[in-house]
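Engineer: Here's a structure for you.
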Amino acid sequence: MAYSNNATKRRHPVTSGQGPVGGALRRMRERRGETLPRLLHALSRRGRMRKRKAALVLSVGAIGLGTTANYMTLPSPSAAMAFEAAEKRRQAGKLRASETLKRALIEEEGVRLTVYRDIAGHATVGVGHKVLPRDGLRVGDAVSYDDVLDFLEADLGHAEEAVARLVGNLPLFQHEFDALVDLVYNVGEGNVSPHKSPRLNAALDAGDYEMVAAELDYEHAGGQIARGLIYRSERRANMFLQAAYDDPRQQGKQAISQA
């Protein structure tokens, strides 16, 4: 669940007419029905557009080097980032959430196009976005896929900044950074503070990466253990330690089916 969003949005909310609850079936359809694949498709489309723009910039730069520059052989930005991430850790302030993490977040949080109240009673929409007064939305209002992606990008930006503050000068691989962004996105910056998470902060201060992974386990929601958060914590730890973004629930189902 994303905890904040500090960007001003252009909103044209449409009242759904289905009430604040809307019924369990409607909520299930929104969460795991056609909404999820359509948003993933929209996310991929945005990612392709960004890559094309970045490739164009690289091409123009290469042309400027001289007429003999073979700009078609330049590596794509994503390939260059993957190579650099594999070679060395970088300062968190120079990293951004990967497209792979965004897909994992969408899978974990689900997608709601209608504003609802979460387990803590907060008005929520999209990929776990906590509705703020500036959003101009009320429970029962509907948003578009573009709105959802705008919320996601803004909330991720906030989480990225929070992770940079959290780790200080400790360098991170891309997958380690992604795992910490997922943590902050899910529980909020306040819950990873030295007061609330002293062992996590101690591990970061000591540069003990294995201990950091052990402290990514957050399983409570509304004062109770949530099964979904247990799986999410496992996924987050796998992401941090092994660069494995796959859902452990799906892996378990595949193992059972193959047995």
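Engineer: So which residues in segment 117-160 are assigned to a helix (DSSP H, G or I) and acidic (D, E), if there are any at all?
Structural biologist: D135, D146, D147, D150, E153, D155, E160
Engineer: I need the full set of residues from segment 93-116 which are surrounded by 18 or more Cβ atoms within 10 Å (Cβ to Cβ) and either of a type in the set (S, T, Y) or assigned to a strand (DSSP E or B) (or both), in order please.
Structural biologist: Listed by number, the residues that qualify are S98, R112, L113, T114, V115, Y116.
Engineer: Could you check how many residues of segment 143-157 are surrounded by fewer than 19 Cβ atoms within 10 Å (Cβ to Cβ) and over 16 Å from R45 (Cα atoms)?
Structural biologist: 2
Engineer: What is the residue count in segment 175-214 for residues that are assigned to a loop (DSSP other than H, G, I, E, B) and either among the basic types (K, R) or closer than 19 Å to G157 by Cβ (or both)?
Structural biologist: 2
Engineer: From the residues in segment 158-181 that are aliphatic (A, V, I, L, M) and more than 14 Å from V212 (Cβ to Cβ), which one is surrounded by the fewest Cβ atoms within 10 Å (Cβ to Cβ)?
Structural biologist: Ranking the candidates gives A164 first.
Engineer: Another question, then. Looking for something among the hydroxyl-bearing types (S, T, Y) and either surrounded by 15 or more Cβ atoms within 10 Å (Cβ to Cβ) or modelled with pLDDT of 95 or more (or both) - is there at least one such residue anywhere in segment 245-254?
Structural biologist: Checked against the condition, which is being among the hydroxyl-bearing types (S, T, Y) and either surrounded by 15 or more Cβ atoms within 10 Å (Cβ to Cβ) or modelled with pLDDT of 95 or more (or both), segment 245-254 yields at least one hit.
Engineer: Turning to a different aspect of this structure: Can you confirm whether A86 is more than 19 Å from F240 (Cβ to Cβ), of a type outside the set (F, W, Y), modelled with pLDDT under 95 and surrounded by fewer than 19 Cβ atoms within 10 Å (Cβ to Cβ)?
Structural biologist: No, not satisfied.
The values are calculated or read from the model by the stated rules, or taken from the named source; none is laboratory data. None of these values were measured; they are calculated from a predicted model. Don't worry about glycine lacking a Cβ; one is built from the backbone with ideal geometry, like all the others, and counts go over all protein chains shown.
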